[in-house]
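The values are calculated or read from the model by the stated rules, or taken from the named source; none is laboratory data. Owing to the predicted nature of the structure, the values given are computational and were not obtained by experimental measurement. With ideal geometry, Cβ positions are generated from the backbone for all residues, glycine too; neighbour counts draw on all protein chains shown. These accessible areas exclude ligands, DNA and RNA; they are computed on the full protein's heavy atoms, side chains included. Shrake-Rupley method; radii C 1.70, N 1.55, O 1.52, S 1.80 Å.
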Amino acid sequence: MKKKWTTKDFPVGIYQLNHDLSVNFQMNRFYNWSNDDVLLEQMKSLDKADQTYSSLINDFKELGNKALADNQTLRAAMYFRAAEFYLPESDPAKQKLREKFIELSNKFYQIDDEQHFLIPYEDGELSAYQLTSPSPRGTILFINGFDGYIEELTRMMLVYRDAGIYFDGPGQGHALEKNKMPLTSQWEKPVKVILDYFNATEVTAIGMSLGGNLVLHAAAFEKRIKKVVCFDILPSLFNCVTRQLPESLKKQISTDLDKNENGTAINAALNDLMQQSLMVQWAIRQGMHVLGTKTPYDFIKQALTYDTNEISALVNQDVLLLAGQDDHYVALDQLPLQMSTLSNAHSLTARIFTDKEAAANHCQLGNLGLAISTILNWLNQVQ
C-alpha cells in the first residue's frame, strides 16, 4: 500500500552543515526533500576548510554508494543528485548520476512508467509526470526553477493529492540535459503544450524559485491558468544574479550594458570572481548552461529578459506571492515591487515567512511543510 504523504513529512529547521553559504543551502535542500536524519549527520562530517567542488562530488558519490549498499534508496538518490548538482555539463559522469537519481527517487515514491510522459516540443521533448486522485478539486501544474529536477519535488506533489502535473520545461531537466534545449522567458509556450496534452482547463499553476518568475509569464498569456502561486517571488533574474556580485562589478556591468559593450572586461572580472567564490562559480556556470550562452557576460545580459514588469499587468488571475524574510537569493524589497506591478490581478495575497518559523530562506527551505500548508489554505479560500 502506498504511503499517504502529508506536510508532516518535511523537517523543520535550518542546520549549519557547511561553512560555505551556498553549499550549506544546498545540503539543507537535500535534507528537506528527504527528511533523513542519517543523511543530515553524514553531511555535517563533510565540511572542510579546503573543500572544492571536486572533493564534495567525491564525498557525495561515496556516501551514495554506501547508501545503495545499505538499501537506503532515497538517501542514495539524494547523494547522487548532490554529486551531479556540482558536476559541469562536460563531465560524462553527470548524465549517469542524473539517471541514477531519477531511477532511485521514482522507485522510492513508487512512480511508475504509466505516470511519466515524454511530450514532443519543438525539436525535442518535455518530461512530465501526472498524478491522479479519485476526487480532485482541480489540476495543479507545478513549474520548476533554475537548477532543479522535477523528480526532487515528488514528495510535495504527493502531498497535494490532486490531479497534479509536474514537468521540466526548456532549460530544465530532461529538456536541457537530453535535448540541449535552453530556457525561454516565453513560458506560455511549453505550458500550452503541456495543458493541451493533458486536456487541462481549470489550472492552478505553482512556480518554484525561478518558476515564480516563469509562472507569471505563463499566466499572462495562458488563461486556462486560473490561480497563480509564486513560490517564491523572483521578479528579476538579473537582480537576483547581480545581487551576489561586488558593488564595483555591478556598476561596471550597468555601464557596459548601457554602452552595449562586448563585455571583455566583465568576463575577465567574473572569471576571476568565480575562482574566489564557490557560489559565484556555480551560479555563473549553471546560468550559462541553462540559458545556453557562451560567456558569463552573455548570461548576465540574457538574464535581463526574465523580468516580470512588462507582463505583470496582463495577469488577471488570483495570485499568491510567497517571500522569505532572509532570502539570500531574492531581496525582500522585491516583494512590494512585485505586488505593485500586478495591478489587474483578480485577487492578490502575499505572505512573508520569518526566521522564527524556520521558513525565512529561499522557497521556505527549513519549513517546506508550512509553505505547502499556506498554499493549500489559500486555495481553499479562493475556491
Exercise. For region 299-316, what are the residues that are in contact with a His (Cβ under 8 Å, 6 or more places away or on another chain) and open to solvent by 10 Å² or more (accessible area, probe 1.4 Å)?
Worked result: Ile311, Asn316
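The rows are residues; the columns are (1) within 18 Å of the chain's Cα centre (by Cα); (2) buried (at least 23 other Cβ atoms within 10 Å of the Cβ).
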{"position": "Asn179", "(1), (2)": "no, no"}
{"position": "Ser185", "(1), (2)": "yes, no"}
{"position": "Asp196", "(1), (2)": "no, no"}
{"position": "Ala200", "(1), (2)": "no, no"}
{"position": "Leu210", "(1), (2)": "yes, yes"}
Problem set entry | Residue that is most open to solvent (accessible area, probe 1.4 Å), among those in region 68-120 that are in a loop (DSSP other than H, G, I, E, B) and over 23 Å from Met279 (Cα atoms) | Asn71
Seminar exercise, completed: Counting only residues in region 147-167 that are open to solvent by 30 Å² or more (accessible area, probe 1.4 Å) and touching a helix residue (DSSP H, G or I) at 6+ places or on another chain (Cβ under 9 Å), the one farthest from Asp36 (Cα to Cα) is identified as Asp147
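I'm trying to understand the selection: among the residues of region 286-328, which are over 20 Å from the mean Cα position of the chain (by Cα) and within 21 Å of Phe231 (Cβ to Cβ)?
Asn309, Ile311, Ser312, Leu314, Val315, Asn316, Gln317, Asp318
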Exercise. Tally time: how many residues in region 320-352 are open to solvent by less than 40 Å² (accessible area, probe 1.4 Å) and either of a type outside the set (A, V, I, L, M, F, W, C) or modelled with pLDDT of 95 or more (or both)?
Worked result: 15
For this session: Scan region 167-188 for residues that are farther than 18 Å from Tyr129 by Cα and among the charged types (D, E, K, R) and report the count.
Result: 2
For this session: Give me a count of the residues in region 142-171 that are in contact with a Ser or Thr (Cβ under 7 Å, 6 or more places away or on another chain), assigned to a strand (DSSP E or B) and more than 25 Å from Phe238 (Cβ to Cβ).
Result: 3
Exercise. So, in region 130-143, of the ones that are open to solvent by 10 Å² or more (accessible area, probe 1.4 Å) and touching a helix residue (DSSP H, G or I) at 6+ places or on another chain (Cβ under 7 Å), which residue ends up nearest to Arg224 (Cα to Cα)?
Worked result: Gln130
Exercise. Do you know which of the residues in region 1-47 that are among the small types (Gly, Ala, Ser) and part of a helix (DSSP H, G or I) is surrounded by the fewest Cβ atoms within 10 Å (Cβ to Cβ)?
Worked result: Ser22
